[in-house]
1. Show the residue pairs meeting these rules: Cβ distance below 6 Å; 6+ apart or different chains; first residue within region 150-176 and over 16 Å from T97 (Cβ atoms); second residue in a helix (DSSP H, G or I) and of a type in the set (D, E, K, R).
2. Which of the residues spanning region 180-197 are in contact with a Lys or Arg (Cβ under 8 Å, 6 or more places away or on another chain) and in contact (Cβ under 8 Å) with a residue 40 or more places away in the chain?
3. Using the structure shown, decide if A153 is part of a helix (DSSP H, G or I), within 16 Å of the chain's Cα centre (by Cα), modelled with pLDDT of 95 or more and aliphatic (A, V, I, L, M).
4. Of the residues I254, I265, I239, only one is crowded, with 17+ Cβ neighbours inside 10 Å, of a type outside the set (D, E, K, R), within 18 Å of Y78 (Cα to Cα) and modelled with pLDDT of 95 or more; which?
5. Quick test of your reading of the structure: I172 fulfils all but one of (1) at pLDDT below 95; (2) in a strand (DSSP E or B); (3) not hydroxyl-bearing (S, T, Y). Name the failing condition by number.
6. What is the number of the single condition among (1) within 30 Å of Q41 (Cβ to Cβ); (2) more than 19 Å from the chain's Cα centre (by Cα) that I239 does not meet?
7. Please go through region 38-89 and pick out each residue that is among the polar types (S, T, N, Q) and either touching a Phe, Trp or Tyr at 6+ places or on another chain (Cβ under 6 Å) or over 18 Å from T102 (Cβ atoms) (or both).
8. Taking region 23-52, which residues are among the β-branched types (V, I, T) and over 19 Å from the mean Cα position of the chain (by Cα)?
Amino acid sequence: MDRILVTGGAGFIGSNFVHHVVATTDAHVTVLDKLTYAATQESLEGLPDDRVTLVIGDIAEPEVVEPLVADVDAVVHYAAESHNDNSLSDPGPFIRTNVVGTFTLLEAARKHDKRFHHVSTDEVYGDLELDDPKRFTEDTPYNPSSPYSASKAGSDHLVRAWVRSFGVRATISNCSNNYGPWQHIEKFIPRQITEVIDGRRPRVYGDGLNVRDWIHTEDHSSAVLAILERGRIGETYLIGADGEKNNLEVVQAILRHFGRGDDDIEFVRDRAGHDRRYAIESGKLRQELDWRPQYQDFDAGLEATIEWYVANEAWWRPHKDAVEAAYAAKGQ
């Protein structure tokens, strides 16, 4: 594929995918991004101008989307509203971007017969009990528990329907929680890293025992590219790196990196609809496409991520200041 359109390519996971494509292929990448608070042009800095083009626009607007889709070989759809807390306070943007935006892209892919890959989340499956030996598989029934996960579930169903009804050449991937460079400080790991850098006590929801299945974003990128290049049309692939950790374990690992005690934590009231455990079974991806994660050791990936945030305060500091100002305005 010589030309790829990446929606949301200036956000955290999307920008890492753009870097990966430029580093491992000869493809030209067009990035379509609305540049909301969670996306920055700085995340694309250092990439060659003749390989990457940034277009600022909304995926829910057909007049923006259609000419871009017409001009590429494939679409990789990362763009999404993704913050659970925000979806609880204002679900509307999640429906527009995650549902209407996906519909708009699918219609353009259908019209111009383009390869389409849809990037989704394991949160569409709901959650698992802490002592449940099972993991999510491609056959797990959908059971979303927040406006965010419900909107992503809706977008997944649209993709499947457009494959079956209209023959769109699409695949889907559902991935576990990502971490790595260029992630907005509203997310769990960068929020805790930057809190500790600032000398504060990290705050943890509830009892801290909620489990997430962590994967470094570089491994997510390599999996998506493998699916785009070799995945079977109409199939769903789950992406995971066997990185189950509860929130306490992650925060304590961050504290230890900075020489602080494991108990230097502030526990706060749990959020509404807080899923208990996610866990991904990625055997299908590994067997069919011969994919393996580079960061098979979570601690090594976390160390690299901490070092990136320590070295790149100029990138994250304005975002943190903006978030803290917003909280102060709300009296929080």
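The values are calculated or read from the model by the stated rules, or taken from the named source; none is laboratory data. Bear in mind that the values here come from a model prediction, so they are computed numbers and not experimental data. Glycine also receives a Cβ, built like all others from the backbone with ideal geometry; neighbour counts cover every protein chain displayed.
1. The qualifying pairs are F166/R110; V168/R110; I172/D156; N174/D122; S176/D122.
2. To start, the set of residues in region 180-197 that are in contact with a Lys or Arg (Cβ under 8 Å, 6 or more places away or on another chain) comprises 185, 188, 194-196.
Correct list: I185, F188, T194, V196.
3. Values: part of a helix (DSSP H, G or I): yes; within 16 Å of the chain's Cα centre (by Cα): yes; modelled with pLDDT of 95 or more: yes; aliphatic (A, V, I, L, M): yes.
Criteria met by A153.
4. Values: I254 fails: within 18 Å of Y78 (Cα to Cα); I265 fails: within 18 Å of Y78 (Cα to Cα).
Among I254, I265, I239, only I239 is crowded, with 17+ Cβ neighbours inside 10 Å, of a type outside the set (D, E, K, R), within 18 Å of Y78 (Cα to Cα) and modelled with pLDDT of 95 or more.
5. (1) is the only condition that I172 fails.
6. (2)
7. T40, Q41, S43, T53, N84, N86, S87, S89
8. Residues of region 23-52 that are among the β-branched types (V, I, T), as a first pass: 24-25, 29-31, 36, 40, 52.
Residues satisfying the conditions are T24, T25, V52.
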